[in-house]
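Notes to accompany the following structure.
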Amino acid sequence: MSTEIRVPQLPESVADATLVAWHKQPGDPIRRDENLADLETDKVVLEVPAPANGIVREIRVQSGAVVTSGQVLAVIEEGAAAAAAAKPAAAASPAVAPKGAARSAPAEEGKDGRLSPSVRRLVEENQLNPAAIPASGRDGRLTKSDVVDYLGKKPAAGAPPAVVPAAPAPPVQTRAPKPAAPGARSEQRVAMTRLRARIAQRLLEAQASQALLTTFNEVDLTATQELRARYKERFEKVHGVKLGFMSFFVKAAIEALKKYPVLNASVDGNDIVYHEYYDIGVAVSTDRGLIVPIVRDADTKSFAALEKEIADYARAAREGTLAIEDLTGGTFTITNGGVFGSLMSTPIVNAPQSAILGMHKIQDRPMVVNGQVAVRPMMYLAVTYDHRIIDGREAVQFLVSIKEALEDPGRMLLGL
């Protein structure tokens, strides 16, 4: 029986996608849920899984083509002939389940339905019960890293199969060639990836549609560093995640947003929409470009929950496994140029949001403290805001509120 492989239903905010890579060619055997192709949207790379075991008979769309929801990409042949052709490859694989054990995964179909194709493939190949694997993803979602970590800790029974997680989709943008010979004046024209083109478009739209202004301050991180140094080992032992600086900044930003809610608002026509929830975007740099996953209801989460979620999002962003819903929405964004050594910058607002906080490098500098010169770990802070709805007074006081919270982090714990 022939089955058409179509483009998955794309979200309303995504009009089309680019087919960036085929993982199978005509005549190749394919297993159910194995990734056939990668589709790049403006935000993420999506996998196109096979619906059943079979053989790829025909590819109808070439790499680089723009496709839309429901468009036919390929045709696979299901049935006895296809299964027989796939058996030799299956028999050579050490990870194939023993007869009678291959159907252990469908017993968890309820939870299995929430797994991405790559995660489901790892679960089924290794005969795992998804319910037994600790999930660290948003809303209890099982991630590929969770499965790999679980397999690494799982006690060996005889000769364990070699687990090779699926490789993330390669970046589409071609890297620059090797340096030319001395004196050569070569050039190379490289098409932007969809993500890079979308980033460029959104940045220009933000500057053209908003009245952007940036204000600066500096914060003495002595108290925050001392608190972190005092508890970081115990924190990691209890919660299983490192205590970084980002959770402190997220907490401080939320407290400041509660005091100055207009920085958590957005403009809709002639209306100001005040968001009474705090979905904080945390910018992550990847090979494909800057991605901003959203920490939902960040005000309700503990330091440990924030650190875990941010770390999971950062890992998923670099692996290319973020879902589109992980990147949509958001009421305020935090970006950290300090990880690259930046001392000061003017970040651009992530429209339709109205403000963005910029963190920078921590640098020891001489400061006057109580009439004495002392070396302190200092960081410049920047907040860029939409001056149409946010006055300078509110932006400055917002930044001062963050400064005060970080210079006395006990206030955040006590709600002061």
In the stretch 281-308, anything touching a residue at least 60 places away in the same chain (Cβ under 8 Å), surrounded by 22 or more Cβ atoms within 10 Å (Cβ to Cβ) and within 12 Å of the chain's Cα centre (by Cα) is listed as 281, 288, 291
Residues of the stretch 200-218 satisfying the condition of being within 26 Å of the chain's Cα centre (by Cα) and either open to solvent by 60 Å² or more (accessible area, probe 1.4 Å) or within 28 Å of residue 367 (Cα to Cα) (or both): 201, 202, 203, 204, 205, 207
If residue 279 satisfies every condition in (1) of a type in the set (Asp, Glu); (2) over 22 Å from residue 358 (Cβ atoms); (3) in contact with a Lys or Arg (Cβ under 6 Å, 6 or more places away or on another chain) but one, which is the exception? (2)
Counted residues in the stretch 27-45 being more than 10 Å from residue 5 (Cβ to Cβ), open to solvent by less than 40 Å² (accessible area, probe 1.4 Å) and assigned to a strand (DSSP E or B) come to 5
If you take the residues of the stretch 219-243 that are within 20 Å of residue 376 (Cβ to Cβ) and in contact (Cβ under 8 Å) with a residue 60 or more places away in the chain, which of them is most open to solvent (accessible area, probe 1.4 Å)? 225
Can you tell me which residues in the stretch 333-350 are surrounded by 18 or more Cβ atoms within 10 Å (Cβ to Cβ) and aliphatic (A, V, I, L, M)? 334, 348, 349
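Taking the stated definitions as given, is residue 365 open to solvent by 40 Å² or more (accessible area, probe 1.4 Å) and more than 24 Å from the chain's Cα centre (by Cα)? So that I can check it myself, show each step before the final result.
Values: open to solvent by 40 Å² or more (accessible area, probe 1.4 Å): no; more than 24 Å from the chain's Cα centre (by Cα): yes.
No.
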If you take the residues of the stretch 313-332 that are buried (at least 22 other Cβ atoms within 10 Å of the Cβ) and part of a helix (DSSP H, G or I), which of them is modelled with the highest pLDDT? 313
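Just to be sure before I move on: is residue 330 more than 30 Å from residue 269 (Cα to Cα) and not polar (S, T, N, Q) in the structure I sent?
no
The values are calculated or read from the model by the stated rules, or taken from the named source; none is laboratory data. For clarity, every value in this text was computed on a predicted model and none was experimentally measured. Neighbour counts are summed over all protein chains in view; Cβ atoms, including those assigned to glycine, are modelled from backbone coordinates with ideal geometry. For accessibility, only protein heavy atoms count, side chains too; no ligands or nucleic acids. Shrake-Rupley method; radii C 1.70, N 1.55, O 1.52, S 1.80 Å.
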